[in-house]
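The values are calculated or read from the model by the stated rules, or taken from the named source; none is laboratory data. Everything quoted here is computed from the prediction, not taken from an experiment. Heads up, the Cβs are rebuilt from the backbone with ideal geometry, glycines too, and the neighbour counts pull from every protein chain shown. Surface areas here come from the heavy atoms of the whole protein model, side chains and all, with no ligands, DNA or RNA. Shrake-Rupley method; radii C 1.70, N 1.55, O 1.52, S 1.80 Å.
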Amino acid sequence: MLVFSAAFPFFNNVDERRHFDLVMKYASGHVPRGAELISPATLPYLARYASPEFLAAPESFEGGYYGPLWTHPAEEVAPTLAKIEEIWSTTPNQECLQPPLYYVVAAAWFHIGQWIGAKDGTALYWVRFLNVAFIAALVRLAYVAARIVFPDQVAMRLGVPLPVAFIPQNAFYGIDNDVLSPICFGITFICLVRWFREDQPSVSLGIATGLAIAAAYFTKLSNLPLIFVATVAIAYWCFSRARSRNLRGAIPALIALVCCAAVPIAAWMLWVKSHFGDLTGAASKAQLLGWTAKPFSNWWSHPIFSFSGLWTFLSELLASFWRGEFMWHAHTIGSKAMDVFYVLSSLGFFLIAIAALLWNRTKNVDQAQRRALWIAGASFIAAIGFLGFLSLQFDFGTYINPSRERPYFFQGRLMAGAMIPLVLPTLAGIVVIITISDFFANSVAFASAYNWFHM
């Protein structure tokens, strides 16, 4: 994680410029109140430290790459830097509607870096290196989840964290809010499992569950289907307790859960509506990107309703969930063979796990474990279904990804929140294979003259 975060130059093709701009806005104490322009404080970083290597090959330039601008005399590059800053100063940041949690944490981390002397390009990498702490926390959460779900199976307790630790998802090598989603919903998932394992849930468990749900919402809107799964799981728990006339003692915990989740989420939604025009801000982002809502009657002509279209959606989504979306010299980083492996293993092991749950439904097995795995499976299905649903709604106009030709939200990082639930029912002992593949696929970045090793 640390190695590739340092090896890749700035700024990657997954909106890293705009996410870093939001970090800078929050670092200055400013909460965006609309689709604002790139901040003046961000412009010097965008101009001075950007690499063309993600979206253009050397042969695209006469004489090859010019080289990192910071290595050239200041007077030589000053006109170029001024021109780049002028262009970006008039560019709106469509990520301004993103919930604030990641950016608040990253902004605090940025200030710590400034305090210890991380300046200029080093400050950029300092913000990226925050992901190392996030991944360490995620691996720990994966272990805790496995220990609760599989208390008597040492192999599973040790095996579940491994794919999480070595996942080649390159969104974790950049500055973006996707890396926080699996942590927030991972905590939510652990809390849900505890609800089904404890005879009498405590108020503290209700508070922890509510705050974790709120944190998932405050991280990224693509976590909405996972929050829906959590809500359904709690509703099912309440219904089963009510049937056995054993709900009264859990009411304080349920009240704590609802207050800690619903109040902050509702407050943020009202704030967003007052500044962006709708409860989530999605309408203003769609307008900024040139997307238009399609009539319901036009949804049914979407290619996702054909076998080839559905396979395109699922295969691209699952492959990018594991490997990410980084490009290098205008080509997606990765291996076609590994993409096939990611897709077939994810679908195959998931279906096997579901079949096993159905087969064992009448046997004497740990019911809490079964329910935990059903929640995990439902999270995976809900995340995919949500992105498929979004794909139906819009005419993407001239936008590139998604586009009219490929009208799919198949960016796997958008379902990163389901990482721990996905790994639990689909664990496979192939960590070494994906790790070796990740190293060779991403090793192209080590030669970049724009990266941290050359500063």
Taking only C-alpha positions in segment 310-384, Rg and Dmax in angstrom work out to 15.9, 55
Using a 1.4 angstrom probe on the protein heavy atoms only, line up 62, 316 by accessible area, largest first. 62, 316
How long are the three semi-axes of the equivalent ellipsoid for the chain, computed from the Cα gyration tensor as the root of 5 times each eigenvalue, in whole Å, largest first? 38, 25, 23
Over the chain, with every protein chain in place, what whole percent of the accessible area is carbon and sulfur at 1.4 Å, could you tell me? 67
Any residue on another chain or 5+ positions along whose placed amide H is under 5 Å from the amide H of residue 10 is listed here as 51
Go through segment 115-190 and name the trypsin sites (Lys or Arg not before Pro) that are in a DSSP coil and have 12 or fewer other Cβ atoms within 10 Å of their Cβ. 119
Under the 0.36 nm per residue contour assumption, what length would be gained going from the current alpha-carbon distance of residue 296 and residue 60 to full extension? 80.7 nm
Of 275, 331, which has the most accessible area with a 1.4 Å probe, and how do the rest follow in descending order? 331, 275
For segment 63-80, what does the Karplus curve 6.51 cos²θ - 1.76 cosθ + 1.60, with θ = phi - 60°, yield as ³J(HN,Hα) per residue in whole Hz, taken in order and with x for Gly and Pro? x, x, 5, 6, x, x, 5, 6, 8, 9, x, 4, 5, 6, 9, 4, x, 5
Rh by Kirkwood over Cα pairs, then Stokes-Einstein D for segment 1-77 at 1.002 mPa s and 20 °C, µm²/s: 148
Counting only protein heavy atoms and leaving out ligands, DNA and RNA, the solvent-accessible surface of residue 280 at a 1.4 Å probe, in Å² to the nearest 10, equals 40
No solvent, one uniform scatterer per C-alpha: report log10 I(q)/I(0) for segment 59-180 via the Debye equation at q = 0.19, 0.20, 0.22 1/Å, two decimals. -1.18, -1.21, -1.25
Arranged from highest to lowest average of other beta-carbon atoms within 10 Å per residue, in what order do the peptides 109-118, 5-14, 229-238, 29-38 appear? 5-14, 229-238, 29-38, 109-118
Taking amide H positions as placed in the peptide plane 1.01 Å from N, state which residues far from residue 37 in sequence (5 or more) or on other chains have amide H under 5 Å from it. 93
Result for segment 34-184: accessible area per residue, probe 1.4 angstrom, in square angstrom, of 41
Could you order 192, 247 by accessible surface area, starting with the largest, using a probe radius of 1.4 Å? 247, 192
Cα-based helix-to-principal-axis angle, 336-359 vs the chain, degrees rounded to 10: 10
Cα-based Rg of segment 253-314 per 2.2 N^0.38 Å, rounded to two decimals? 1.70
Whole-number Å³ per residue for the convex hull built on Cα positions in segment 288-331: 125
Give me the accessible area of residue 59, 1.4 Å probe, in Å² rounded to the nearest 10. 150
For segment 155-293, what value does the Rg/Rh ratio take when both radii are computed over Cα atoms and Rh is the Kirkwood radius, given to two decimals? 1.05
Which three extents, in angstrom, do the Cα atoms of segment 1-130 have along their principal axes, listed largest first? 44, 33, 27
Based on the Cβ-Cβ distance from residue 71 to residue 236, what FRET efficiency comes out when R0 is 45 Å, to the nearest 0.05? 0.15
Using the Karplus equation 6.51 cos²θ - 1.76 cosθ + 1.60 (θ = phi - 60°), what ³J(HN,Hα) coupling, rounded to whole Hz, does each residue of segment 290-303 give in order, writing x for Gly and Pro? x, 8, 10, 6, 8, x, 4, 5, 8, 5, 6, 8, 5, x
